[in-house]
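Undergrad: Below: one structure in structure tokens.
The values are calculated or read from the model by the stated rules, or taken from the named source; none is laboratory data. As the structure is a computational prediction, the values presented were derived from the model and not from experiment. Counting neighbours? That spans all protein chains shown, and the Cβs are built from the backbone with ideal geometry, glycine included.
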Amino acid sequence: MPWLPLLEQDEFSNAADVRLNFLDKFSKQAENLIKEEQFLSDDLVNKKLWLLPSVAALTEAAEIAFATNNTERGLQFTRDALSKIMNEKTNVSSFARMSSLSAILGGSQTILDEDGPILRIPPSSRRQQFSWEASSPVMRAASGTLVAAALASDKPRSNFKLLSRREESGENTKLARIAVTLASETATLPLFEMSRDDDGFLRTDSPKKEDKIFAAMSFLSLHERYAASLRLNMSDKLRWRELRCRAPLIDWPLLLLHLAIRRQKLEPYFYDLPIFMYFKPIFNLKFENAGLAGRLFIFLKSLAEAIDKQTSR
Amino acid sequence: MLIQWCLKGIPEQNNFSDREATNALNFNGLSSSWLRNQNAGASQFSSLAHPVLSQVALDAHVNGFGAAAANTPYMSLTAGCVELDPTINSISVFSAMRTALDFATKGGQCRGYVFRMWVIVSPKPAPELPGFAEEVRELNLFQQFCLYHREGEVAAKLFVPARQIQKVMIFDRDLIHVNTHVNPGFVPPERISNVMDVL
């Protein structure tokens, strides 16, 4: 039963319901509300000023639902958010969000191609593509998210063409490759049977056991990042009680990595790695012995399981 | 100086209903809790207000509102904001209307009022000086408030005059727009803009 640590069920159930209802109502009525407030002209209405606020509200609602054992509703909010973005002309700033949302729902494919990221979404295999040049700093900032989305996608091992060795690459491609290499999520690639050489290009042989152990440690350390984000949220006690969060409740790239492990059926092998022997108490659900990062690991693992069960039907 | 449109959401409650909302529009304006608590006469206003405006007080208002709410000289308005979501690293737009409605209806639990107004904003922080608002959402100026960026806060000081308030919109708990009252004495910000007409 995935329930976010630090949210006492008795204390937050009601706040979650209130918050979800508000965000749901706002997202559905965003167009009328913002038009009413701004006396918008037809030109401005055409620019859909209400769209991104509506998507932000739905994403936040999905986070709260996922955090409070309401996976089915969370997935519905995710679908609603994705359909709003997909029905409009996509821009670079929403591409990372589209990749994340579609990867959560499954069946899509995020590809880090040499020329730019590509997103394919069924059933029409609708395709969105940008060039690394067009995306520039926004896309590079989103590198970690794109890596996680690519790993959680269909055919993950074919989604990293950017990291294939080429004799010559353009400057933008090189910069994109560096950004992807620097992303924390990229350090987990060996867990998915992708090894890299010293230059960061993919190798054809399988990663060594030592590389997988390092990758596992990188994966675990990402949960400290998540813990820091939650501590930030909690620091404002008034708003935390109302779940008016200042930072995201769910670490989406990390959730995608958990989903990737599950979808690629790596779990039995993954948890046999020597490093995980040290974490036996965590996997035996002895929460009282685990720090926040450890408990978040358990939470995301069970959330990924719940999402996978619902999306693979 | 900049002129910034803002919204403020106030829930319907015992001491604030349709009458108080239209009074705010027509002559009272909107006041901070500190000002509402004062019983002194107008001649003492300046000396009483002088020490309450400070960096410390603004920090308390933004970072510790739970404790400061009852007697803060600042008033939270919202102008919305665009934020780079730190985990998805994608743009999220948190509209002023959403924040104002959230406060006005207590998250969809009651009827409430959303006021639309303009304030003058200083390009640099000056929490001690009355007369203009602080753009707290501007992280280039107020890095210490980055925790609370999503609400797009602009902190007005002491009060906002009625003539700067354009209208009040009334919403029910389902966020359905019920009514709008427009201020007949509203002065548009163009009156003080730096666009000079020909002689």
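Undergrad: If A:Asp43 meets every condition in (1) more than 10 Å from every other protein chain (Cβ to nearest Cβ); (2) at pLDDT below 80; (3) in contact with a helix residue (DSSP H, G or I) (Cβ under 9 Å, 6 or more places away or on another chain) apart from one, which number is that one?
TA: The single condition A:Asp43 does not satisfy is (3).
Undergrad: Only residues that are surrounded by 13 or more Cβ atoms within 10 Å (Cβ to Cβ), more than 22 Å from the chain's Cα centre (by Cα) and touching a residue at least 24 places away in the same chain (Cβ under 8 Å): list them for region A:176-205, please.
TA: Once the filter is applied, which keeps residues that are surrounded by 13 or more Cβ atoms within 10 Å (Cβ to Cβ), more than 22 Å from the chain's Cα centre (by Cα) and touching a residue at least 24 places away in the same chain (Cβ under 8 Å), region A:176-205 yields A:Arg196, A:Gly200, A:Phe201, A:Leu202.
Undergrad: Then there is this: Restricting attention to region B:34-54, which residues are at pLDDT 85 or above and not aliphatic (A, V, I, L, M)?
TA: Across region B:34-54, the qualifying residues are B:Trp34, B:Ser54.
Undergrad: Still on this structure: I'd like to check which helices (runs of 4 or more DSSP H) are fully inside region B:1-76 and have at least 2 residues that are over 22 Å from B:Ala162 (Cβ atoms). Can you show your working first?
TA: Details: elements: B:18-23, B:33-37, B:45-49, B:55-63, B:65-68.
In region B:1-76, B:55-63, B:65-68 are the helices (runs of 4 or more DSSP H) which contain 2 or more residues that are over 22 Å from B:Ala162 (Cβ atoms).
One line per residue, one yes/no per condition, for (1) surrounded by 15 or more Cβ atoms within 10 Å (Cβ to Cβ); (2) within 12 Å of another protein chain (Cβ to nearest Cβ); (3) modelled with pLDDT of 80 or more:
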{"position": "A:Pro207", "(1), (2), (3)": "yes, no, yes"}
{"position": "A:Phe214", "(1), (2), (3)": "yes, no, yes"}
{"position": "A:Pro248", "(1), (2), (3)": "yes, yes, yes"}
{"position": "A:Pro253", "(1), (2), (3)": "yes, yes, yes"}
{"position": "A:His258", "(1), (2), (3)": "yes, no, yes"}
{"position": "A:Arg262", "(1), (2), (3)": "yes, no, yes"}
{"position": "A:Leu266", "(1), (2), (3)": "no, no, no"}
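Undergrad: Moving to a separate point now. Pairs needed: first member in region B:84-100, at the interface with chain A (Cβ under 7 Å from one of its Cβ atoms); second member anywhere, modelled with pLDDT under 65 and in a strand (DSSP E or B); C-beta distance under 8 Å; at least 6 residues apart or different chains.
TA: No pair meets every condition.
Undergrad: Determine if region B:104-118 includes at least one residue that is more than 12 Å from every other protein chain (Cβ to nearest Cβ) and modelled with pLDDT under 85.
TA: Within region B:104-118, not a single residue is more than 12 Å from every other protein chain (Cβ to nearest Cβ) and modelled with pLDDT under 85.
Undergrad: Would you check which residues across region A:1-22 are over 17 Å from A:Phe77 (Cβ atoms), within 14 Å of another protein chain (Cβ to nearest Cβ) and of a type in the set (S, T, N, Q) and list them?
TA: Across region A:1-22, the qualifying residue is only A:Asn14.
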